[in-house]
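Undergrad: Before I ask anything, let me first share the structure, which is written out below as structure tokens.
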Amino acid sequence: MTHIPFYVGSYTQIEGHVPRGRGKGIYAYLLNNETGELVRASITTGMTNPTYILFDEKAGLVYAVEEKVGTQGHLRLYSVNFDGSLMEISRQPTLGFASCHISRCGSDHVVVANYASGNAASFATGGGKLEPGVCVSYTGSGPVTERQEGSHAHHSVTSPDGKWIFVCDLGSDI
């Protein structure tokens with residue numbers, strides 16, 4: 001029998017778009033691949049709104065962003081313990097507000113999309129720690145003024161050849 005670690009983020013506090021922030025942090029579950037049973041193993045607390053998580057099973061690492069609207073959050077890096085619980089090993093400021101997505105860029109970087117500030121930041125991940133990020137900001141607006149008053153980066157993906165990073169921007173429709 002194999003137990004597969006499974007991680008769930010949560011809103012831990014109320015934000016303008018979140019009427020109830022009742023979560024406690026990152027919930028770790030173990031999935032029994034034979035029976036389908038999902039058992040909660042632990043909760044990692046001490047993080048505000050860890051709403052997006054990237055699990056690097058091969059390296060035994062979990063990346064998580066704090067989704068904070070009015071202040072800058074952090075990108076945190078955790079090692080995965082034998083029981084599926086997490087131990088923080090590194091963190092860096094996300095360089096933006098309302099961080100909402102993390103993607104892997106090659107084997108040595110992750111990219112964070114920051115919705116409210118309309119930017120994306122790249123972080124080197126070598127040596128089991130996060131290096132300070134490099135940020136690219138976007139400008140522009142779209143035709144739906146109540147939702148597109150400015151840039152809103154919300155997703156990134158690396159091209160198959162690894163040479164480009166594509167960032168979706170709701171605010172300027174790019």
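The values are calculated or read from the model by the stated rules, or taken from the named source; none is laboratory data. Given the structure is predicted, the values throughout are model-derived calculations rather than measurements. Quick reminder, even Gly has a Cβ in these numbers, built from the backbone with ideal geometry, and neighbours come from all protein chains shown. Keep in mind that these areas ignore ligands, DNA and RNA; they rest on the heavy atoms of the full protein, side chains included. Shrake-Rupley method; radii C 1.70, N 1.55, O 1.52, S 1.80 Å.
Undergrad: Return the carbon/sulfur percentage of the accessible area of the range 1-160, one whole number, probe 1.4 Å, all protein chains in place.
TA: The nonpolar share, carbon plus sulfur, comes to 54 percent.
Undergrad: For the range 44-95, which GluC sites (Glu not before Pro) are in a loop by DSSP, counting at most 15 other Cβ atoms within 10 Å?
TA: Hits after loop and neighbour filter: GLU57.
Undergrad: Compute the Rg to Rh ratio over the chain from the alpha carbon atoms, using the Kirkwood formula for Rh, and round to two decimal places.
TA: Using only Cα positions, Rg/Rh for the chain is 0.99.
Undergrad: Please check: in the Gaussian network model of the chain (C-alpha springs, under 10 Å), which one of GLY84, GLY150, GLY127 has the largest mean-square fluctuation.
TA: The residue with the greatest mean-square fluctuation here is GLY127.
Undergrad: Another question about this same structure. Taking K and R as +1 and D and E as -1, what net charge do the other residues with C-beta under 15 Å from the C-beta of PRO50 add up to?
TA: Value of the local net charge: +1.
Undergrad: Tell me the per residue accessible area of the chain using a 1.4 Å probe; a whole number in Å² is fine.
TA: On a per-residue basis, the chain sits at 53 Å².
Undergrad: Would you please give the residues with an amide H less than 5 Å from that of LEU130, counting only those at least 5 places away or on a separate chain, with H modeled from the backbone geometry?
TA: ARG91
Undergrad: Which of the chymotrypsin sites (Phe, Trp or Tyr not before Pro) found in the range 102-174 are in a DSSP loop and have at most 13 neighbouring Cβ atoms, other than their own, within 10 Å?
TA: Here the chymotrypsin sites (Phe, Trp or Tyr not before Pro) that fit, given the DSSP loop and packing criteria, are TRP164.
Undergrad: Taking the Cα-to-Cβ direction at VAL8 and at ASP83 and moving 7 Å from each Cα, how far apart do the two end points lie in nm?
TA: Going by the 7 Å Cα→Cβ label model, 2.0 nm.
Undergrad: A further question follows. Please report the net charge: other residues with Cβ closer than 14 Å to the Cβ of LEU86, K and R +1, D and E -1.
TA: Result for the local shell: 0.
Undergrad: Quick one: among HIS17, HIS152, HIS109, which has the greatest mean-square fluctuation in a GNM of the chain with alpha-carbon springs under 10 angstrom?
TA: Answer for the Gaussian network model of the chain: HIS17.
Undergrad: How many angstrom lie between the Cα centre of the range 95-161 and the Cα centre of the range 30-47?
TA: Computed from Cα coordinates, the inter-centre distance equals 29 Å.
Undergrad: Let me ask something else about it. Calculate one ³J(HN,Hα) per residue across the range 116-132 by plugging θ = phi - 60° into the Karplus curve 6.51 cos²θ - 1.76 cosθ + 1.60, and present them in order as whole Hz with x for glycine and proline.
TA: 5, 8, x, 9, 10, 10, 10, 10, 6, 10, x, x, x, 9, 9, 8, x
Undergrad: Excluding TYR11 itself, calculate the net charge of residues whose Cβ lies under 10 Å from the Cβ of TYR11, where each Lys or Arg counts +1 and each Asp or Glu counts -1.
TA: Charge balance near TYR11 sits at 0.
Undergrad: Hey, another quick one. For the chain, modelled as a Gaussian network with Cα springs under 10 Å, which listed residue fluctuates most, ASP161, ASP108, ASP56?
TA: Its mean-square fluctuation being the largest, the pick is ASP161.
Undergrad: If you don't mind, there's one more thing I want to ask. Test of understanding: given the chain, find the longest segment containing no trypsin sites (Lys or Arg not before Pro) that are in a DSSP loop and have at most 14 other Cβ atoms within 10 Å.
TA: Longest stretch, sites excluded: 59-128.
Undergrad: How high is the relative contact order of the chain? Use alpha-carbon pairs under 8 Å, at least six apart in sequence, and give a whole percent.
TA: 13 percent.
Undergrad: At a Cα cut-off below 13 Å, give the aspartates and glutamates reachable from LYS68, other chains included and same-chain residues fewer than 8 away excluded.
TA: Leaving aside aspartates and glutamates fewer than 8 places away in the same chain, those within reach of LYS68 are GLU15.
Undergrad: Check which residues have an amide H placed less than 5 Å from GLY21's amide H, if you skip close sequence neighbours.
TA: ILE14
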